[in-house]
Amino acid sequence: MSGGAINRRQLLRRGGAFAALSVVAAPAIAQARTKVRLGYLHVVAVDGHIWTGLERGSFDREGIDFELHEFNTGPEVFEAMARGDLDVLSAGGVISNYLALGRGRGFLINDIEVATAQLWVRPTLGVTGIADLRGKRIATTLKTTAHIFLDRALRANNVNPSDVEIVNGSMAAAVKAFIAGEVPAVALWVPFNIAVREALPDAVKLVDASAFYPQSAVLGGWAARMEFYAGHREVLARIVRAWADANDYMVRNPAAAAEALQAHYKQSRPADIAEAFKAQRLYSAREWKRLYSDGTVVKWLQQVSDFFMTDAGVTAPVRAADYFDTQLYLSTIA
């Protein structure tokens, strides 16, 4: 389904556990409709707000009709937006890379990816600790949350990233290589840990990103194509308002929200969805307003941008405040 549009009527019919919530979808006041092409990753930390908002009618009440396109990795979704195939996107830590390179304008943060990234190894292939990774191959997807996490995990354990060989590919390919025994380690993000756990009972999760929080907070969120941002800020404000409704429901009712999301993650067990919820940190819309206004959001974005720019050999400073619109959120949320 990667890159394919999803018919929203079919989406709502398949809502399953969300069906009861859809009763509130009818807008109380007639609202001008706007079609928005939205790209996203099928990861709870990235698309949880989307599904919750669709099923609660949050976006419908704001007159937003999404044409949904699923992608496997953040780089893929940004490339699609660069081609003009998308108007907006929702992704993980990769936003701090592509936005810093001028590939869109950020306007909304979903969450902090506290423990979504994990490092798994296979003792049977000679790796029982991070020190054993010297000279070994590690599969992951470069320029993503998993890449940021892997770099920090290695450095925190006195292993220079140059001392390992990173095998770059889509996360599905990285996990497949790990399961096949082609590499002894993989840096992944949930829910790909489920496939590893089911296929390799002897595989070991050495560490997840929570070991480096909050000093290394990684934010995931929304960005708009430059042209769309310039001409449709009012539409983006409506997306922010709808997102806030879905977000606050998730904050107030995490168990119910996680249970309802199960309909969209049919390969996952309820416990897996609950685990994915715990791997991210959500704040209420008003709490996020404080984090926007006091500069915390920009600071967290900046530290990840600095990692990506250093990794790419970019020496000129790139200010997060120049690629993320803090004021749109502050002026939209009461």
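Of 205/289; 136/299; 266/299; 176/205, which pairs sit farther than 27 Å apart, going by alpha carbon to alpha carbon?
205/289; 136/299; 266/299
Just how far, in whole angstrom, is region 216-251 from region 151-196 if you go by their alpha carbon centroids?
With region 151-196 and region 216-251 each reduced to a Cα centre, they are spaced 30 Å.
Using θ = phi - 60° and the Karplus relation 6.51 cos²θ - 1.76 cosθ + 1.60, list the HN-Hα couplings for region 238-251 in order, rounded to whole Hz, with x at every Gly or Pro.
Rounded to whole hertz, the list is 5, 5, 4, 5, 5, 4, 4, 5, 5, 4, 5, 5, 5, 5.
Residue by residue through region 147-158, which ³J(HN,Hα) values in whole Hz follow from phi under the Karplus form 6.51 cos²θ - 1.76 cosθ + 1.60 (θ = phi - 60°), with glycine and proline marked x?
Calculated HN-Hα couplings, in order: 5, 4, 4, 4, 4, 5, 5, 5, 5, 5, 10, 6 Hz.
Residue 166's amide H: which non-local residues (gap 5+, or another chain) put their own amide H closer than 5 Å, with H modeled 1.01 Å from N in plane and none for Pro or chain starts?
138
Share of the chain's accessible area from carbon and sulfur, percent, 1.4 Å?
Of all accessible area on the chain, carbon and sulfur atoms account for 52 percent.
Hey, any idea what Rg/Rh is for region 172-266, computing Rh the Kirkwood way over Cα pairs?
Value, to two decimals: 1.08.
Solvent-accessible area per residue for the chain at a 1.4 Å probe radius, Å²?
I get 40 Å² per residue for the chain.
So what is the relative contact order for the chain, in percent, with contacts set as C-alpha pairs under 8 Å and at least six apart?
Relative contact order here is 24 percent.
With the contact rule set at Cα under 8 Å and sequence spacing of 6 or more, what percent relative contact order holds for region 90-147?
So the answer I get is 42 percent.
Taking the Cα centre of the chain as origin and charging only Cβ (+1 Lys, Arg; -1 Asp, Glu), how large is the dipole, in debye to the nearest 20?
380
Where does the charge balance sit around residue 174 when Lys and Arg score +1, Asp and Glu -1, over other residues with C-beta under 12 Å from its C-beta?
Result for the local shell: +1.
At 0.692 mPa s and 37 °C, plugging the Kirkwood radius over alpha-carbon pairs of the chain into Stokes-Einstein gives what diffusion coefficient in µm²/s?
Here the translational diffusion coefficient equals 163 µm²/s.
Over region 102-191, calculate the relative contact order: mean separation of alpha carbon pairs under 8 Å at least 6 apart, over the residue count, as a percent.
Relative contact order for region 102-191 comes out at 41 percent.
Where Lys and Arg each count +1 and Asp and Glu each count -1, what net charge lies around residue 189 among other residues with Cβ under 11 Å from its Cβ?
Charge balance near residue 189 sits at -2.
The values are calculated or read from the model by the stated rules, or taken from the named source; none is laboratory data. Since this is a predicted model, take the numbers as computed values, not measurements. Every residue, glycine among them, receives a Cβ derived from its backbone with ideal geometry; neighbour counts consider all protein chains shown. What goes into the accessible areas is simple: the full protein's heavy atoms, side chains included, and nothing from ligands, DNA or RNA. Shrake-Rupley method; radii C 1.70, N 1.55, O 1.52, S 1.80 Å.
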